[in-house]
């Protein structure tokens, strides 16, 4: 993670197109992870037909 | 005196490890020194305990074990220092952390520290810790030998009775060091070794990231923040110690300039992991195989490597061969014509554990997305969101050099997953080693995501913060738990105060027939206030007279826990009047379950039926 200086001669490497897709997938995975570890989790579990676990995040013990 | 002897033993182990690693430098030296000190101390104490079993004198008892270990390690240190000084490795300086790395590091370190403090102010907790790690640690020093914890187990085995607390037969490298601490400083230090191991793992992952050509800070932060690491760092489990041994072994083995002594040291450290946790044996053997491959251009003979690998666990395996005819007891193995007796898979209940995590086996690949957080599961969001994509990118592209470290990661990950499927071991904590090693790839975001590293860094830091927030939420129940021992164990370990208050010297039979949670009662029953003797077994369906014959000689009381679906008559049919007297019973409703706890007194008439 080095910051580029304006006087650098080398041009920044061109981002590969499929890397953009990977980053989008990573963002979606993070969103999914957050949703499944939030108070929404029992609702999501029921929506996909899975019995919700015996605890829920942040709301009940 | 005991405290002083234990301090001396730890100091001698540290001096030995520092002398052993004097040609290294930086964080790598700290990581390898800590793990080497642990393996050295565990090995020497095991040998003392083994000698005690052979001679019949309790050498591990009180201060004698640590004193002998201190003397032996002091002598070994003096011999090491007499060797000609070698060339010290150039110090690999770590770069300064960027702001986002600092946020991740402070978050990960903060949540780990919170967990350690919360666990340190409460009595020791954790199912495996209370059921066998801490009882074994106590028993080793109370009995003074390595056969003390397995004495009753062996009697049950010889009598063809169900073996009660079978994990007491596992190798006890961790417990023999933990026991010295407990004996000298009390069980308020039960968290210490695991917490140190968590920091050592994070340091090792950072070194690995640098070796891959990346930055150390985020990988170290992600390892610190992994919920499984956070929860276990406060409990006397042995997963973190075992993982730390193998991380250090891989670091030593995969140096570009690894020499003869590095390959030998790596084999010893891998053996230390096998002596700590039997389930790590396949991965330890894989690391040994890497040592054998690495020795080709180094003058080390393979018998020497195998020998030094076996040394840390030798005493424990020899004990189990002598008692149970199987070095890996209670694991039953059939290797061609060789049949090693042990318990069936169903006896472990490991296959049944899958239901605690996934509805069906096919869901395992996506488990890290919806994982639970506890001392048995939880890799953190950074694993699935950043580390796995980074490892896949590093494997598919040639951006990262295919060094020995990369090969080590590939071999360890493959063997660990293959062992989990083959045995089977459907528990996320048994994959902790490949998980923390995979975090090392997160140090190379710039190389792996050229032009997009800032977005990925933002995703990574959010992942660590989210993980930390959820972990703190899961820690709330422990934070708010009562600090007083009796109340804590009534809630956390199913031990009612009427059982915890039994007089010193009482011999208690802990019956696990009607609830597995009765296993967690072992340590609180042993040590709440003063020392008692606890024997574990299951007598469901046995007639009262037969029950009396199967109780250990001199048993005073019976404690048991029954689940809500168990009829009380099933319990009272075994422990029936006039041979047993019901002292107290109570039904307690916790947040997730309701149970009944029972205490029976054993009558004189019943005791007279016990075999002589």
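Some points to look at:
- Screening segment B:521-612 for helices (runs of 4 or more DSSP H) wholly inside it with 2 or more residues that are more than 20 Å from residue B:499 (Cβ to Cβ) returns the ranges B:544-550, B:568-574, B:604-609.
- Members of segment B:95-115 that are within 14 Å of another protein chain (Cβ to nearest Cβ) and surrounded by fewer than 16 Cβ atoms within 10 Å (Cβ to Cβ): B:95, B:96, B:99, B:102
- The set of residues in segment B:48-63 that are surrounded by fewer than 22 Cβ atoms within 10 Å (Cβ to Cβ) and free of Cβ contacts under 8 Å to residues at least 40 places away in the same chain comprises B:51, B:54, B:55, B:56.
Residue-by-condition table, conditions (1) crowded, with 20+ Cβ neighbours inside 10 Å; (2) not in a loop (DSSP other than H, G, I, E, B):
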position	(1), (2)
B:70	yes, yes
B:74	no, yes
B:78	no, yes
B:92	no, no
B:117	no, yes
B:131	yes, yes
B:140	yes, yes
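- Scanning segment A:16-40 for residues that are facing another protein chain (nearest Cβ under 7 Å) and closer than 16 Å to residue B:381 by Cβ yields A:23, A:26, A:27, A:29, A:30, A:32, A:33, A:34, A:36, A:37.
- Looking at B:572, B:585, just one residue is surrounded by fewer than 17 Cβ atoms within 10 Å (Cβ to Cβ) and in contact with a strand residue (DSSP E or B) (Cβ under 8 Å, 6 or more places away or on another chain), and that residue is B:572.
- Within segment B:463-495, being buried (at least 22 other Cβ atoms within 10 Å of the Cβ) and either at positive phi or assigned to a loop (DSSP other than H, G, I, E, B) (or both) holds for B:493, B:494, B:495.
- Index of the failed condition, residue A:22 passing every other in (1) modelled with pLDDT under 85; (2) within 24 Å of the chain's Cα centre (by Cα); (3) within 27 Å of residue B:394 (Cβ to Cβ): (1)
- Index of the failed condition, residue B:399 passing every other in (1) in a helix (DSSP H, G or I); (2) over 25 Å from the mean Cα position of the chain (by Cα): (1)
- Listed by position, the helices (runs of 4 or more DSSP H) inside segment B:305-375 whose residues that are over 21 Å from the mean Cα position of the chain (by Cα) number at least 2 are B:367-370.
- Of the residues in segment B:421-439, none is in contact with a helix residue (DSSP H, G or I) (Cβ under 9 Å, 6 or more places away or on another chain) and within 14 Å of another protein chain (Cβ to nearest Cβ).
- Cβ-Cβ contacts under 7 Å between residues 6 or more apart (or on different chains), taken from a first residue in segment A:48-61 that is facing another protein chain (nearest Cβ under 7 Å) to a second residue that is exposed (fewer than 13 other Cβ atoms within 10 Å of the Cβ) and modelled with pLDDT of 70 or more, are listed as A:50/B:359; A:57/A:39; A:58/A:39.
The values are calculated or read from the model by the stated rules, or taken from the named source; none is laboratory data. Computed from a predicted structure; not experimentally measured. Don't worry about glycine lacking a Cβ; one is built from the backbone with ideal geometry, like all the others, and counts go over all protein chains shown.
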